[in-house]
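The values are calculated or read from the model by the stated rules, or taken from the named source; none is laboratory data. Since the structure is predicted, the reported quantities are computational estimates derived from the model, not experimental observations. Glycine gets a Cβ as well: all are built from the backbone with ideal geometry, and neighbour counts include every protein chain shown. These accessible areas exclude ligands, DNA and RNA; they are computed on the full protein's heavy atoms, side chains included. Shrake-Rupley method; radii C 1.70, N 1.55, O 1.52, S 1.80 Å.
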Amino acid sequence: MPSLRTALLQSSGRPGAVAENLKTLDEAAARAAGAGARLLVAPELFLTGYAIGDAVPELAEPADGPGAEAVAEIAVRHGLAVLYGYPERDGERIFNASQLIGADGVRLANYRKTHLFGCFEQEWFTPGEQTVVQADLDGIRIGLLICYDVEFPENVRAHALAGTDLLLVPTAQMHPFQFVAESVLPVRAFESQMYVAYVNRTGPEGEFEFVGLSCLAGPDGVVRTRAGRGEELVIGEVDPEFLAASRAANPYLADRRPGLYGSLG
């Protein structure tokens, strides 16, 4: 099975300017496709911006709304799948969500962030209730989490047990928590034997200072590609043959003793 070339778009776009953010995504998709990528991953709430305050209700839209239609057009135009973050409206509730759209424009998966971080998110968003959301892309099982979710090892282990090969984590990681990108992510990939793509915002935005450092970590705990602190598009390979060999050599999942962990709740 061939590798899945994956592009990570490290950008904050422009908060509140959906049309401009879609233009940035379109330009990144063109560059990614030109480099042979089959998947482009954008950060948390990329469609609208993260620090949008009380504009959240105004900018939120359904999973099949105009933003999704525009991203589907980008995916089809450039022939690659796209994962993007956005505020999802479902009736009176709003979720911090991410959606994966295939190269044919079909919506493949929609995930709602289960662990909300800080006062801003807890004020405006409803936490999701489904831990494992997956889709298949080019023979690779894709899983979705968002930012703070990946800092809970239970979430990543649930994906490992469900067969996730590549975990996509759009994020809005801020100062002073850069150690998550630098240290936690490679460990998560190693301990649960999967690839993890962690795609961050960058620079100042409202009261936040995003740290960049987007990365693609492999199941051996080695980072395949790493962005710096600025706007950047980086590309890495997700190799299913290497993943299979790593899983065969690493006994973590086989040596688990679930009966001992019940008290962890």
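Dipole size in debye (nearest 20) for the range 139-189 around its Cα centre, Lys and Arg Cβ +1, Asp and Glu Cβ -1? Please list the in-between numbers first.
Details: 3 positive and 5 negative charges, 24 e Å.
In debye, rounded to 20, the range 139-189 gives about 120.
Suppose every K and R has +1 on its Cβ and every D and E has -1 on its Cβ; what is the size of the dipole of the range 172-265 about the Cα centre, in Debye to the nearest 20? Don't skip to the answer; put the middle values down first.
Details: 8 positive and 12 negative charges, 72 e Å.
In total the dipole reaches around 340 debye.
Taking the chain as a Gaussian network, where each spring joins two C-alpha atoms under 10 Å apart, which residue of L166, L137, L213 fluctuates the most?
Highest fluctuation among the options: L137.
Enumerate the calculated ³J(HN,Hα) couplings along the range 24-29 in order (Karplus 6.51 cos²θ - 1.76 cosθ + 1.60, θ = phi - 60°), each rounded to whole Hz, writing x wherever the residue is Gly or Pro.
4, 5, 4, 5, 5, 5
Label A245 and D220 with points 7 Å out from Cα along Cα→Cβ: what is the distance between them in nm?
0.8 nm
Principal axis extents for the range 1-155, Cα atoms only, whole Å, descending order, please.
Taking the Cα atoms of the range 1-155, the three principal extents are 42, 36, 25 Å.
With springs only between Cα atoms under 10 Å apart, run a GNM on the chain and tell me which of G105, G34, G163 wobbles the most.
The residue that fluctuates most here is G34.
Pop a pseudo-label 7 angstrom from the Cα along the beta-carbon direction at both F152 and K23 and give the gap in nm to one decimal.
3.9 nm
May I ask what percent, to the nearest 5, of DSSP beta bridges between residues of the range 53-205 are antiparallel?
Working: 18 of 27 bridges.
Percentage antiparallel, nearest 5: 65.
Between E129 and H175, take the C-beta separation as r, use R0 = 35 Å, and let me know the FRET efficiency to the nearest 0.05. Working shown, then result.
Numbers: r = 30 Å, r/R0 = 0.87.
E between E129 and H175, to the nearest 0.05, is 0.70.
Considering every pair of different Cα atoms, what Kirkwood radius, in Å, is found for the range 119-246?
In the range 119-246 this quantity evaluates to 15.0 Å.
Just E237, E27, E61 to compare: in a GNM of the chain, with alpha carbon springs under 10 Å, which one fluctuates most?
E27
Please report the projected area of the chain's Cα convex hull averaged over all directions, in nm². Don't skip to the answer; put the middle values down first.
On the way: hull surface 52.7 nm².
Answer in nm², one decimal: 13.2.
Where the convex hull is taken over the Cα atoms of the range 76-187, what is its projected area averaged over directions, in nm²? Provide the component values of the computation, followed by the final result.
Details: hull surface 31.9 nm².
That works out to 8.0 nm².
Which number do you get for Rg(Cα) / (2.2 N^0.38 Å) in the range 175-247?
Details: Rg = 13.1 Å, N = 73, 2.2 N^0.38 = 11.2 Å.
The reported ratio for this selection is 1.17.
Just going by the charge dipole of the range 72-218, with Lys and Arg at +1 and Asp and Glu at -1 on Cβ, which of V199, G143, G85 is farthest out on the positive end?
It is G143, whose Cα lies furthest towards the positive end.
Measuring from the lowest to the highest alpha carbon on each principal axis, how far does the range 62-101 reach, largest first, in angstroms?
34, 14, 8
Determine the dipole magnitude for the range 1-150: charges of +1 sit on the beta-carbon of Lys and Arg, -1 on that of Asp and Glu, nothing else is charged, the reference point is the Cα centre, and the result goes in debye to the nearest 20.
Working: 12 positive and 20 negative charges, 116 e Å.
For this selection, approximately 560 debye.
Hey, what D do you get for the range 34-90 in µm²/s if you plug the Kirkwood alpha-carbon radius into Stokes-Einstein at 10 °C and 1.306 mPa s?
Numbers: Rh = 12.2 Å.
This corresponds to a translational diffusion coefficient of 130 µm²/s.
Could you state the accessible area per residue of the chain in Å², with a 1.4 Å probe and every protein chain left in place? It would help to have the intermediate numbers written out before the result.
On the way: 10790 Å² over 265 residues.
So the chain comes to 41 Å² accessible per residue, rounded to a whole number.
Under the 0.36 nm per residue contour assumption, what length would be gained going from the current alpha-carbon distance of R257 and A55 to full extension? Present the calculation step by step, with values, prior to reporting the outcome.
Working: separation 202, 0.36 × 202 = 72.72 nm, distance 4.69 nm.
Gain on extension, R257 to A55, equals 68.0 nm.
By how many nm would the segment from V106 to E69 lengthen if fully extended, with 0.36 nm per residue of separation less the alpha-carbon distance? Don't jump to the answer; show the numbers that get you there.
Working: separation 37, 0.36 × 37 = 13.32 nm, distance 0.96 nm.
Stretched out fully, the V106 to E69 stretch lengthens by 12.4 nm.
What percentage of all Cα-Cα pairs in the range 122-164 are separated by more than 14 Å? It would help to have the intermediate numbers written out before the result.
Values: 474 of 903 pairs.
Result for the distance tail: 52 percent.
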